[in-house]
Structure formats: structure tokens, C-alpha cells
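I have placed the structure first, in the form of C-alpha cells, so that the comments after it can refer back to it.
Every read-out reported here was derived from the displayed coordinates using simple, explicitly stated rules and does not represent laboratory data. From a predicted model like this one, the values you see are computed outputs, not experimental measurements. Glycine also receives a Cβ, built like all others from the backbone with ideal geometry; neighbour counts cover every protein chain displayed.
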Amino acid sequence: MKKLLILLLFVCISNTAFSQSNELIVGKWTFKDAYNKDKIDEAGLAMLQSEIINKMTFTFNHNGEFEAYMMGENQKGKWELTKDSKKIILKIPQETTTELTILKLTEKELALKLGLGEFLMTKNI
């Protein structure tokens, strides 16, 4: 009986942590900075400023859908968190599934690793 209660408590805590991460991600996020600028060449830095910073956005909705504006194009699809809340999985119709690693998540900041880039985003309120 004691083991069952401990197991139920663990499941409740895990679900609460997952729900909190899920709720923190919901909203519109704008790319504000790159963490690893020292590894980007001049052409890459120019593109970062012209195409990404203050221009690229992700909007994560409660219903598991997302919208993104990236490189001058709109994208739509489904999103979900992994069970450990360390990655966001993006599912875009007719494209491969993409995983974004969460480096930081607070009420106002979301840092993601996208391929080789590491980006800081802020939540639009």
C-alpha cells in the first residue's frame, strides 16, 4: 500500500511539472539573440540580424498547434513536449519532424537549440 501511494505521488508530481512547462511555453515568442555568436561568421551574423532577430516568431497554442514566421515564410503544425520537458517536437505536414532542445524556460524567456544555433526568445505579452 505504501509503495502504491509513493507511486501515485510521483505520477502526480511528474504530471504537474509537465503541465507547468506546457503552460509556460504557450504564447507568442520572438527571437531576440543568439547565444553562440562567436561561432558564426560575418555572413551568418548579417543574416541573423536581417532575417532572425526580432523577426522570427513562434506561437504555441493550448490546443497543441503552433504557428511560426521563419525566413519570410509562415509555418503551421502541431507541437508537443517530450515527457521529460526538455524538447519541443514540431510536426509540420509534409515535412520531417523537428526537435528543439530547451536550454532555458521561464515565464518571459525561452532559449532553444535549433540545429547548430542557440537562440534566446522573449514572450510577447
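Observations on the model:
- Listed peptides 60-73, 100-113 by packing density, highest first (mean Cβ within 10 Å): 100-113, 60-73
- Pairs beyond 19 Å (Cα-Cα), from K37/K87; K55/K78; K55/K123: K37/K87; K55/K78
- Shown in residue order for the stretch 110-125 are the 3J(HN,Hα) couplings computed by the Karplus curve 6.51 cos²θ - 1.76 cosθ + 1.60 at θ = phi - 60°: 9, 10, 10, 9, 10, x, 8, x, 10, 10, 9, 10, 10, 7, 7, 10 Hz (x for Gly and Pro).
- Residues whose amide H falls under 5 Å from that of A34, counting only those 5 or more places apart or on a different chain, are L120, with hydrogens built in the peptide plane.
- Summed side-chain charge close to T106 - residues other than T106 whose Cβ falls under 14 Å, Lys, Arg +1, Asp, Glu -1: +1
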